[in-house]
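Everything on this sheet refers to the single structure shown next.
The values are calculated or read from the model by the stated rules, or taken from the named source; none is laboratory data. As the structure is a computational prediction, the values presented were derived from the model and not from experiment. Cβ placement follows ideal geometry from the backbone for every residue including glycine, while neighbour counts extend to all protein chains displayed.
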Amino acid sequence: MNPPDCIFCKVVAGSIPSVKLYEDEHVLAFMDIGPIVKGHALVIPKIHYDPLMETPDPVLAALVSGVRKIACAQMAGLKADGINVTQANGRCAGQAIPHIHFHVIPRFNNDGHQWNWAAKPYASPDEMTRFAERIMEGLTSPRNSSCVKT
């Protein structure tokens, strides 16, 4: 059931206008109204899911296939020099609309956009290993098994 207040569900229903790029039975791709770089598109499932961890694998597969179609079209149609694909989960990660979606952003050598990615090193290889061990423990935790939706 799509929540009645979800902006992206309203786009799917046609009650909010959009400039559609691609649509199939599972996925809708449309232009982002606030592009980082002109040509920026969004790819969403037609059925409401959020976050990534609650989205079934077949839906994710359809989304990634749609992302690839749009990325290829941006490369060919816009003659983009590259593509960024981003996806966020949760407000602290930068997600503004709680409906899983991917941003597909064409990049050009002279587009002027910078991500301001400030990589921060681990204090030591041991610290990195400790984080890796915690993540690997999470792969088999009961909490993770409730997260993976096949």
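If you go through the stretch 32-74 and keep only what is among the small types (Gly, Ala, Ser) and more than 18 Å from Gln95 (Cα to Cα), you end up with Gly39, Ala61, Ala62, Ser65, Gly66, Ala71, Ala73.
Within the stretch 6-41, work out how many residues are aliphatic (A, V, I, L, M) and closer than 13 Å to Leu63 by Cβ. Spell out the reasoning first.
Pass one, the stretch 6-41, residues aliphatic (A, V, I, L, M): 7, 11-13, 16, 19, 21, 27-29, 31, 33, 36-37, 41.
With closer than 13 Å to Leu63 by Cβ added as a condition, the list becomes 27-29, 41.
The total comes to 4.
The residue pairs whose first member lies in the stretch 77-92 and is under 13 Å from Val104 (Cα atoms), whose second member is among the polar types (S, T, N, Q), and whose beta carbons are closer than 9 Å, counting only pairs six or more residues apart or on different chains, are Ala80/Gln74; Gly82/Asn109; Ile83/Gln74; Gln87/Gln95; Ala88/Gln95. Looking at Pro45, Pro56, just one residue is touching a Ser or Thr at 6+ places or on another chain (Cβ under 8 Å) and surrounded by fewer than 18 Cβ atoms within 10 Å (Cβ to Cβ), and that residue is Pro56. If only residues of the stretch 1-14 that are in contact (Cβ under 8 Å) with a residue 24 or more places away in the chain and more than 20 Å from Val104 (Cα to Cα) are counted, the one that is surrounded by the most Cβ atoms within 10 Å (Cβ to Cβ) is Cys6. Among residues of the stretch 127-150 that are modelled with pLDDT of 90 or more, those with a beta-carbon under 6 Å from a residue that is assigned to a helix (DSSP H, G or I) and surrounded by 10 or more Cβ atoms within 10 Å (Cβ to Cβ) at least six positions away or on a different chain give the pairs Gly138/Asn144. Does the stretch 21-35 contain at least one residue that is loosely packed, with under 13 Cβ neighbours inside 10 Å, of a type in the set (A, V, I, L, M, F, W, C) and either closer than 30 Å to Gly112 by Cβ or touching a strand residue (DSSP E or B) at 6+ places or on another chain (Cβ under 7 Å) (or both)? Yes, the stretch 21-35 contains at least one residue that is loosely packed, with under 13 Cβ neighbours inside 10 Å, of a type in the set (A, V, I, L, M, F, W, C) and either closer than 30 Å to Gly112 by Cβ or touching a strand residue (DSSP E or B) at 6+ places or on another chain (Cβ under 7 Å) (or both). Would you say Pro106 is surrounded by 15 or more Cβ atoms within 10 Å (Cβ to Cβ), under 16 Å from Leu21 (Cβ atoms) and in contact with a Gly (Cβ under 8 Å, 6 or more places away or on another chain)? In short, yes.
Val104 meets the conditions (1) outside any helix (DSSP H, G or I); (2) under 21 Å from Gly39 (Cβ atoms); (3) out of contact with any helix residue (DSSP H, G or I) (no Cβ under 9 Å at 6 or more places or on another chain) in every case but one. The failed one is (3).
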